[in-house]
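The values are calculated or read from the model by the stated rules, or taken from the named source; none is laboratory data. The shown structure was predicted, so the numbers you read here are calculated from the model rather than taken from an experiment. Methodologically, a virtual Cβ is constructed for each residue, glycine included, from the backbone with ideal geometry; neighbour enumeration extends over all protein chains shown. Surface accessibility is based on the protein's heavy atoms, side chains included, excluding ligands, DNA and RNA. Shrake-Rupley method; radii C 1.70, N 1.55, O 1.52, S 1.80 Å.
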Amino acid sequence: MAIIIGANFGYTVLAACGITLQCFITGISVVSARKKYNVAYPDNGGGRFADKLSDADWVAFNNIKRVSDNYSEQVGSVLCMLLAAGMFQPKIAAGFGAVYMLGRFVYGRAYVKKGPEARVYGAPLMGISFMGLVVTAVYNAALVTVFA
């Protein structure tokens, strides 16, 4: 069975663009935090510039940085699974992508405001949507290869 990418794949592409844009904006928040807390490059929150921060400012800067780092660590896998799932089930994949973005938004806001313990508010949405993408991609790929 051949994979034909139809017009509905546009939904998947829109979700991928949304995730990419959200990740980029999260990175911009680190640039803003660098200016606010006077943490110059190449300091990532543990160097000479960060040593000059108060404990509260150090924690605030590192919470913002960690949210961005975590997104950067996961975005490759999420986009790969989103596009793979979207080749078979574009609207379902886009839906999972939208849920992932919502989870990522909640995760980031909670983490920045309340610290790492608050990750529990957005992480389940991110995890469920990512696993949904993986299952959708694997199931459909197996249907057209192993079980064809």
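List of remarks:
- Within region 126-148, the set of residues being loosely packed, with under 12 Cβ neighbours inside 10 Å, closer than 16 Å to MET87 by Cα and of a type in the set (A, V, I, L, M, F, W, C) comprises just one member, ALA142.
- Selection within region 43-83: residues that are over 30 Å from LEU125 (Cα atoms) and at pLDDT 90 or above. The member of this set that is surrounded by the most Cβ atoms within 10 Å (Cβ to Cβ) is LEU53.
- Per-region count, region 88-108, residues farther than 30 Å from VAL144 by Cα and over 13 Å from the mean Cα position of the chain (by Cα): 0
- Residue match in region 9-19 (condition: open to solvent by 90 Å² or more (accessible area, probe 1.4 Å), at pLDDT 95 or above, farther than 24 Å from PHE88 by Cβ and assigned to a helix (DSSP H, G or I)): no
- Tabulated pairs, region 41-66, first under 18 Å from PHE24 (Cα atoms), second part of a helix (DSSP H, G or I) and modelled with pLDDT under 90, C-beta under 9 angstrom, 6+ apart or interchain: ASN44/ALA50; PHE61/ALA50; ASN62/ALA50
- Selection of region 96-125 for residues being in contact (Cβ under 8 Å) with a residue 40 or more places away in the chain and part of a helix (DSSP H, G or I) yields PHE96, GLY97, ALA98, TYR100, MET101, ARG104, PHE105, TYR107, GLY108, TYR111, VAL112, PRO116.
- One residue stands out among those in region 22-42 that are assigned to a helix (DSSP H, G or I) and open to solvent by 100 Å² or more (accessible area, probe 1.4 Å): the one that is nearest to GLY97 (Cα to Cα), which is PHE24.
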